[in-house]
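Engineer: Attaching a single structure in structure tokens format; questions to follow.
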Amino acid sequence: MPPSLLTNEGYKKLQEELDYLKSTKRQEVADRLHEAMEGGELNGDAEYESAKNEQAVVEGGIEELVALLADARVI
């Protein structure tokens, strides 16, 4: 796979997005999961599933950005 060509600004923007996903967003999802597990019966199950799905999206985004940035070339 050829490297992604990014401007310095584009690289920094993707790095900031990665940092946000790894720190802030990951913690928000973890908090939602915790609350859903502590929650109730039926509503807790729906909220738990929603939080698990969001967690999968966040983790997928992190993996994608890590791979993209690892192979990126700043031009």
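Engineer: Is it fair to say Asp71 is in contact with a Pro (Cβ under 6 Å, 6 or more places away or on another chain), among the charged types (D, E, K, R) and either open to solvent by 60 Å² or more (accessible area, probe 1.4 Å) or modelled with pLDDT of 95 or more (or both)?
Structural biologist: yes
Engineer: Please specify each residue of the stretch 1-22 satisfying the condition of being surrounded by 14 or more Cβ atoms within 10 Å (Cβ to Cβ) and touching a residue at least 60 places away in the same chain (Cβ under 8 Å).
Structural biologist: Residues satisfying the conditions are Ser4, Leu6, Tyr11.
Engineer: Among what's in the stretch 36-54 and is at pLDDT 85 or above and over 14 Å from the mean Cα position of the chain (by Cα), pick the residue that is surrounded by the most Cβ atoms within 10 Å (Cβ to Cβ).
Structural biologist: For the stretch 36-54, the residue satisfying everything is Ser50.
Engineer: Would you point out which residue out of Val29, Val57 is surrounded by 12 or more Cβ atoms within 10 Å (Cβ to Cβ), without any contact (Cβ under 8 Å) to a residue 12 or more places away in the chain and under 12 Å from the mean Cα position of the chain (by Cα)?
Structural biologist: Val57
The values are calculated or read from the model by the stated rules, or taken from the named source; none is laboratory data. Note that the structure is a prediction, hence the values are computed from the model and not measured. In this analysis, Cβ positions are derived from the backbone assuming ideal geometry, glycine residues included, and neighbour counts consider all displayed protein chains. Note: areas computed on protein heavy atoms with side chains; ligands, DNA, RNA excluded. Shrake-Rupley method; radii C 1.70, N 1.55, O 1.52, S 1.80 Å.
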